[in-house]
Amino acid sequence: MESYWITALCSFGAIILSAIWIRRRSWEQLPNYRGLPVFGNMFQVKRERPELTFTEWAKDLGPVFSVKMLLKQFVVLISFEAIYEALVKKGKSFSDRATKDAFRMGKLSDQFVNIVSMPANSTWVKLRKVCHKKIKMYDTGMKRIEDISTGTINHLIEAFKNTKQESFNPSDYIYMYNTVMNTIMTLLLCRTFSTDSGIFKKIAHFEQGFRLNILPAGRGAELDFCPWLRFFGNETYKQIQSLVEVRNQIWELIKEEALRGDKLLQENEEDVRLVTALKDAMAEEDSELSEKNLRGAVIIDIVFAGTSTTSNSLCIYLNIITRHPEVQTKLQEEVDKVVGSEIMATIPELLRYSSVAPLGATHMSHEDTDIQGKNPQPERFLGDDGGLVSASHHNRRHLMPFGAGPRVCLGEVLAKSRIFLIITSLAQKFDILPGKVSAPCDPRLLLHGAVLSSAKFEIVAKQRM
Ligand code: HEM
């Protein structure tokens, strides 16, 4: 019981896409609920899903309010207008990350040397630029990448067929995760890995450990405020230490693979691998990049951030369509004709509904400043003419599953194109039906973690005639 309270006391590690830690004193005057001396609002906030508490509080306190956790003051922004103002209009001011009181992330990221966790400095700009350039290339029809990519989707379809219409768990690593992970490996190394290879197993292990140990709040977050707990046998700390080892092993394996790939390159063949681009950037004269930056960018920013979010969104999608067959039927009707607006509308609706990264990542202002989400309904993204509403339409503008502004998700384009391809390929070939195990698909009941995921459920993939 006592350890529960210690955890609860300290359970507010990183805050959030919609909450920004402000330095300015005047922010203390914002609407707030009175908390306890020293502990502040710690006991009033839902430990594992703080965003659910904040959504409730916003009904009373309004869209901008402050929250106190231990002696730290946070500002929560919950309306589109307030979030847009902070992340876009004043994006530059709010583009830093809070690294203080982020002990767990510090350990896993080698003291914040990767894109997600580093302050918005020149190294961050350089790393973002190199990665972004290669990510953009992914969908430009480059033959080698396209062949590998088609292969990974065909592999998924075969894996679904092999279930022979028996109930199975699509969150098993051999399905969605495999497809998404190999998309990422293609981007990095221009090759794929089987699920029984050492590198695949280590990455899957790292993904699970990271997802479950870096909860924004809840279990393990006590280490952020009280790092000294590591000297007293803290369980999360032990897990983080072992994850750091796995992270280093994965990096060594990736380097070996990169060397092997170097030897396989044909004369005059363009080297499209992201690892090469990063290595070249590090070798540039006056480069600020170190091997630690590369390791952080590859393992946390590309492998973890790319696979966990996308594969969990896809699993949540499968759960949703078993409960909302009307959504599936409409999708299939369109895929059978030509891919059209219903699918284009389902993707933003999936991202809105599942919101696997509801708190985004902590933003921190680096200067004094001021500021002022039931059932899936893809139709909200369709206009009167049945087409996808324009990007400036209220419902699309208000959708920010990838964040916004200078720190917008680096993989947005890649994630959307993969989700599109995977959803359409499956809709074409299978009717996805409920299996023997069910789990709620209500977004408020998703399992918490660095990325939200669905509780265990099963589906049946019935081949369409
Ligand atoms: C469904 C899939 C995805 C979702 C919902 C998602 C969501 C997000 C969110 C909410 C943020 C925080 C933005 C902010 O701080 O304002 C973020 C940042 C980031 N994402 Fe994603 N993401 C997805 C896929 C990907 C993929 C495929 C990659 C890489 C290949 C990626 C790499 C990153 C990186 C590197 C950042 C940090 C950007 C920075 O701090 O400058 N994400 N993502």
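Can you compute the FRET efficiency between residue 38 and residue 252 using 1/(1 + (r/R0)^6), with r the Cβ-Cβ distance and R0 = 41 Å? Round to the nearest 0.05.
So the FRET efficiency works out to roughly 0.35.
In percent, rounded to a whole number, the relative contact order of segment 199-332 is 21, using alpha-carbon pairs under 8 Å and six or more apart.
Applying 1/(1 + (r/R0)^6) with R0 = 56 Å to the Cβ-Cβ distance of residue 29 and residue 269 gives a FRET efficiency near 0.35. Stretching residue 129 away from residue 60 to a fully extended chain increases their span by 20.6 nm, per 0.36 nm per residue minus the current alpha-carbon distance.
Using only alpha carbons, segment 163-238 has a radius of gyration to Kirkwood radius ratio (Rg to Rh) of 1.13. Whole-percent P(r), segment 144-277, all Cα pairs, 10 Å bins from 0: 10, 31, 29, 21, 8, 1.
In plain terms, the chain from residue 88 to residue 262 could stretch by 58.6 nm, reckoned as 0.36 nm per residue minus the Cα-Cα distance.
Distance between the modelled labels on residue 136 and residue 238, one decimal in nanometres: 4.8 nm (7 Å Cα→Cβ projection). Our estimate of slack between residue 48 and residue 202, defined as 0.36 nm per intervening residue step minus the Cα-Cα distance, is 52.8 nm. Centroid-to-centroid, using Cα positions, segment 214-268 and segment 63-132 are 21 Å apart. Under 13 Å from a label point set 7 Å out along the Cα-to-Cβ vector of residue 122, the amide N atoms of segment 259-295 belong to 285-289.
A simple spin-label model places the labels of residue 436 and residue 391 4.8 nm from each other, with each point 7 Å out along Cα-to-Cβ.
FYI, it's all coordinate maths here, none of it is from the lab. Because the structure is a prediction, the values reported are computed rather than measured. Every residue, glycine as well, gets a Cβ built from its backbone with ideal geometry; the counts of neighbours run over all protein chains shown.
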